[in-house]
Amino acid sequence: MKRHDIIPYAKGDKPVDLLLTHARIINVFSGEIIEDSIAIAGGRIVGIGEYQAGEIRNLSGRFVAPGFIDPHVHIESSMACVSQFARAVVPHGTTTVVADPHEIANVFGTLGIEYMLKSGEHQPMNVYFSLSSCVPATSMETSGARLDAVDLIPLMSHDRIVALAEMMNYPGVIYGDPDVLSKIKLARQYRKPVDGHSPGLSGKDLNAYIASGISSDHECTTADEAREKLMAGMHIFIRQGTGARNLQDLLPIVSPRTFHRMMWCTDDRDPHDLLSVGHIDSMVREAIASGVDPIRAIQMATLNPAEYFGLYHLGAIAPGRQADLVVFSDLNAPVIEQVYCKGSIVAENSAMSPGISVPETLPLPRSMRVTLKTLDFSIPLAGDRIRVIEIVPNQIITGSMIAAPTVFQDTAISDPDRDILKIAAVERHTGSGNIGKGFVRGFGLKQGAIASSVAHDSHNIIVVGTTDEDMLAAVKTVVLMGGGLAVVSGGRPIAKVSLPIAGLMSPEPVHVIRDHLDRLLASAREIGSTLQNPFMTLSFLSLPVIPELKITDQGLVDVTRFQIVSLFV
């Protein structure tokens, strides 16, 4: 329904479609709770008060808030396609996401973004996107595509593209890379915000980064870091994902003076967290339990992201806004009981409403170009000390250490006794045959290998193992599936998860993916893994924009120096 069509309904000249009565309405504009009725027509809220209605529903004094919004999420991290992701998060009250299709864009470029846009249609939620800014994230990796500023122009005007996505290449911003600055300029020309990604950036470098036109950050890990960025004018997205959990550390800066420039985001959540913990609703509950005023916590999940992205038809319960609503009974621990999208109930009692169909999965080309016969994981000895990636538990940052290699027949090999294992990144997009090789400490494997085609950001195949033979078998398993995750021991796969959509996603429901993952993780533990989720850790070891030492198909990357470094010191 167009806005001018709402006027007769708002005036009361025509009966509305639906009237929700006896509601305790959370007004995110005034910070009040109002006991009244909500009138809905044509999928929009037309007024608050008593109206003639075709249908009346008594909410019996329950609370009603605007539908929750996730302002920064990578749907691909759920390992589910858009349709199945929506069916996992909508029952938790998420009615809108602004997704960055960065992962699939690194595999398929604009084809991947167009695939996600098309997949986002006809969903029981609003699926918006930010336009991936760093494909690839750096020149120190091989991605399936490269998106320059000129490639983004046809997409920037799309009505469901609402921002330029996280600008991870902060050195490119600070040192004036022309293409990076052109992307920022393009977004500003279309009056769309530019999201940031600047972990640990401070002082004059931060000033330069913000001065370029970047307006938000979701990478803060300390209150001091968030405070500095907030004071410099940034909007702060407080992240609580699977691999990075920052909510408790950042809550001290949520105050009556700051909360209007802050919001919650999940960034990356795996199927286990989506099903057991929830989505944005879990952050709202945790914040309230930690002392944040409930209405403020809800405003950070609704109005704040809507206004940041200019989605003025969302984020509040007010005339003209889309009728995206969540209903719950306990303000101090909101568990979502009903979810409305465009005035229709789409979920109730933690389940999708009957009759909401799942759109068919759209076709995409195969994304595995690896010649298995030529793979060679051997590392000829070239010195008496090696750089080793050091895992930091429950973080996506890594350390770096120097160690003596374990040697066999003039080659450096894995040493499970010291937990120093061989790691490799295998290029899968162009058939180049590139393999970056190194060592990592912290997986705990005593035998076998694990491999994954989910490897941020370019999503080549990443593998870690105790022997070259098992590493080869693990990569072969991933390739033959068309992408996915694998655990191998004794040269054969003992567990695997197929991700045939770009090597990143499955068309299966999230609970089915979770069950496959459970078997996968159990198998990883059987071969010695000491990490809670070794595949989540593995997936970030190839991300060359998060300190300190990472690996890509081009070799080891010293992120602090932003350059490729030799394995042997």
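Annotations for the structure displayed:
- The Cβ shell under 13 Å around MET125 holds other residues with a net charge of 0, Lys and Arg each +1, Asp and Glu each -1.
- Ranked for footprinting exposure by Cβ neighbours inside 10 Å, fewest first, LYS204, LYS118 give LYS204, LYS118.
- In degrees, nearest ten, helix 468-481 long axis to first principal axis of the chain (Cα): 40 degrees
- In this structure, SER353 and THR530 have a Cβ-Cβ separation that, at R0 = 41 Å, corresponds to a calculated FRET efficiency of about 0.45.
- Cut-off 14 Å between beta-carbons: net charge of the residues surrounding VAL557, Lys and Arg +1, Asp and Glu -1: -1
- Principal-axis analysis of the Cα atoms of the chain puts helix 110-119 at an angle of about 40° to the longest axis.
- Global geometry of the range 113-249, whether rounded, prolate or oblate, following the gyration tensor of its Cα atoms and the 1.5 cut on a/c: oblate
- Counting DSSP beta bridges with both ends in the range 67-311, the antiparallel % (nearest 5): 5 percent
- Protection proxy ranking of 468-481, 363-376, 397-410 - average other beta-carbon atoms within 10 Å, highest first: 468-481, 397-410, 363-376
- Mean projection area, nm², convex hull over Cα of the range 372-565: 10.1 nm²
- Cβ-to-Cβ counts within 10 Å put HIS122, HIS74, HIS260 in ascending order as HIS122, HIS260, HIS74, the fewest first.
- Scaled against 2.2 N^0.38 Å for its residue count N, the alpha carbon radius of gyration of the range 67-311 is 0.94.
- Think of it as helices only: each DSSP H run of n ≥ 4 in the chain is worth -39500 (n - 2.57), and spread over all residues that comes to -7000 deg cm²/dmol at 222 nm.
- Peptides 17-24, 221-228 ranked from most to least packed by the mean count of surrounding Cβ atoms within 10 Å: 17-24, 221-228.
- Neighbourhood net charge (15 Å Cβ-Cβ; Lys/Arg +1, Asp/Glu -1) for LYS446: -1
- Inverse of mean 1/r across different Cα pairs in the chain, Kirkwood, Å: 24.4 Å
- Label-point gap, in nm, between ARG369 and VAL512 - each point 7 angstrom along Cα→Cβ: 3.0 nm
- Dipole of the chain computed with +1 at Lys/Arg Cβ and -1 at Asp/Glu Cβ about the Cα centre; of LEU247, LEU230, LEU541, farthest Cα towards the positive end is LEU230.
- Sequence-distant residues sharing a close amide H with ASP415 (under 5 Å, placed H): ILE420, LEU421, LYS422
- Counting only DSSP beta bridges whose two residues both lie in the chain, roughly 70 percent are antiparallel.
- As a rough footprinting exposure proxy, the listed residues GLU166, GLU76, GLU35 were ranked by other beta carbons within 10 Å of their own, and the order from fewest upward is GLU35, GLU166, GLU76.
- The range 466-520: projected area of the alpha-carbon convex hull, averaged over directions, in nm²: 3.6 nm²
- Helix 280-289 vs. the chain, principal-axis angle (Cα, 0 to 90°, nearest 10): 80 degrees
A short reminder: the numbers here are calculations on the coordinates, not readings from a lab. From a predicted model like this one, the values you see are computed outputs, not experimental measurements. Reconstructed Cβ throughout: ideal geometry from the backbone, glycine too, with neighbour counts over all protein chains shown.
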